[in-house]
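Below: one structure, written as structure tokens.
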Amino acid sequence: MTKPPGFELFDLRLYVAIVETGSLSKAAERLPLALSAASARLKTLESRLGLQLLKRGSQGMKATNAGVLFYDHALRLLQAANDAQKGMEALSGKGRIRLKLFCNTTGLSTDLTSQLGEFLRLNPGVDVQFEQHASRDVLKAVSSGKADIGVVDGDYNKRDLLYLLFQRNKLVVIAHHSSPLANAESCRFNEWLAQPLIGYYSDSSLQKFLEKMATLAHLPAKFRVTAPNFNAVAQLVAQDIGAAIVPRPLALNYASSLPISVIELNEPWATRELHICVRPQVDTTMPAIRLARYLAGLSENDVRF
């Protein structure tokens, strides 16, 4: 017969705080908890497990090999407890459900915001914290439990998450009306690379993708300027600083008010996928799963997710 666990949820919260802050005193302040009580709980935890989880050094407290493994388990157990709490609150109708939705920059160029608004209208007991992050950071946040649901580029994935297709996005070139590309209906990637280029910040998944395509084509990608978001990129194109690649919906929107031409990008990879990601959960009535299914356009009878 399996013996009962040698720890409580509060012990897990304390341990995670110690690992993340590198300090017992800072972890105690975060909870909050008296330093003496925190020290006693840590000693009891290690004694019950029969393992040294942490070691002190000049850089503070660091997890041992066993401690690193326990930290990963602790995160998952705490998230499972949090998911269970949310699920029970949703079933009982008590309290409000708060979800964290993280999406990448490209996700903001879609109708994600309007779909989210419709979901919230249909689910008045649900609140959503909506944030923009790079795809890589979105995946980490969903996997660790810092976010409940994410929208990322299809090139990114983690094996411990579940994915649904959100949308397919067509990339196009935008250039100033005076650009050599302006009068063309379409252009190849190498023609765009020959122009002064406007790109995105280094952590942008679209920037990484464009740099990857340039590398595969054995062509240099020399960006005259990189900008923090699509709006800044469009403004720079409108000033004839260079040409950029953006999702078609945004390109058409900018072209309606700025001196910008939209040119089709004639490449097989120009159509890209956006995926919805969530942690695996047995209960498909969980709010995060319901939101994921709604954004993916799945009907109640669809059993794919």
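Read the figures in this text as sums done on the coordinates, not as results from a lab. Every value quoted in this text rests on a predicted model; they were computed, and no experiment measured them. Neighbour counts are summed over all protein chains in view; Cβ atoms, including those assigned to glycine, are modelled from backbone coordinates with ideal geometry.
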* Could the peptides 55-61, 173-179, 149-155, 230-236 be put in order, highest first, of the mean number of other beta-carbon atoms found within 10 Å of their residues? -> 149-155, 173-179, 230-236, 55-61
* Asked: What number, in percent, do you get for the relative contact order of the chain if the mean sequence gap of Cα pairs under 8 Å and at least 6 apart is divided by its residue count?
  -> 20
* Helix-only CD estimate at 222 nm, as mean residue ellipticity for the chain, using -39500 (n - 2.57) per DSSP H run (n ≥ 4) -> -13000 deg cm²/dmol
* Report the relative contact order of the range 64-184, percent, no decimals, based on alpha-carbon pairs under 8 angstrom and at least 6 residues apart. => 25
* **Global geometry of the range 168-272, whether rounded, prolate or oblate, following the gyration tensor of its Cα atoms and the 1.5 cut on a/c** => rounded
* Remind me, relative contact order of the range 147-305 in percent, using alpha carbon pairs under 8 angstrom and six or more residues apart? -> 43
* Considering the dipole of the chain built from charges on the beta carbon (Lys and Arg +1, Asp and Glu -1) around the Cα centre, which of 58, 117, 162 is farthest to its positive end? -> 58
* **Rotationally averaged projected area of the range 9-81 (alpha carbon convex hull; nm²)** => 4.5
* Ranked by how many other beta carbons lie within 10 Å on average, peptides 68-80, 12-24 from highest -> 12-24, 68-80
* Asked: Given the pairs 55/158; 158/212; 43/158; 146/170; 62/100, which are separated by over 27 angstrom at their Cα positions?
  -> 55/158; 43/158; 146/170; 62/100
* To do: Treating the Cα atoms of the chain as identical point scatterers in vacuum, please give the log10 of the normalised Debye intensity I(q)/I(0) at q = 0.07, 0.14, 0.15, 0.16 Å⁻¹, two decimals.
  => -0.39, -1.05, -1.12, -1.19
* Got a sec? Which residues in the range 236-279 would a label at residue 202 touch, if it sits 7 Å along Cα→Cβ and we count backbone N under 16 Å? -> none
* **Charge dipole magnitude, Cβ of K and R +1, D and E -1 - the range 9-81, Cα centre, debye nearest 20** => 120
* Taking springs between alpha-carbon atoms closer than 10 angstrom, which of 170, 43, 222 fluctuates most in the Gaussian network model of the chain? -> 43
* **For 44, 105, order by how many other beta-carbon atoms lie within 10 Å, fewest first** => 44, 105
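To the nearest 0.05, how large is the calculated FRET efficiency for residue 68 and residue 183 if R₀ is 45 Å and r is the Cβ-Cβ distance?
E between residue 68 and residue 183, to the nearest 0.05, is 0.15.
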* To do: Scan the range 131-195 for GluC sites (Glu not before Pro) in coil per DSSP, keeping those whose Cβ has at most 15 other Cβ atoms within 10 Å, and list them by number.
  => 185
* Determine ³J(HN,Hα), in whole Hz, for all residues of the range 228-233 in sequence, where each value follows from phi through the Karplus function 6.51 cos²θ - 1.76 cosθ + 1.60 and θ = phi - 60°; x replaces Gly and Pro. => x, 7, 5, 4, 5, 4
* **Rounded to 10°, Cα long-axis angle of helix 287-296 versus longest principal axis of the chain** => 20
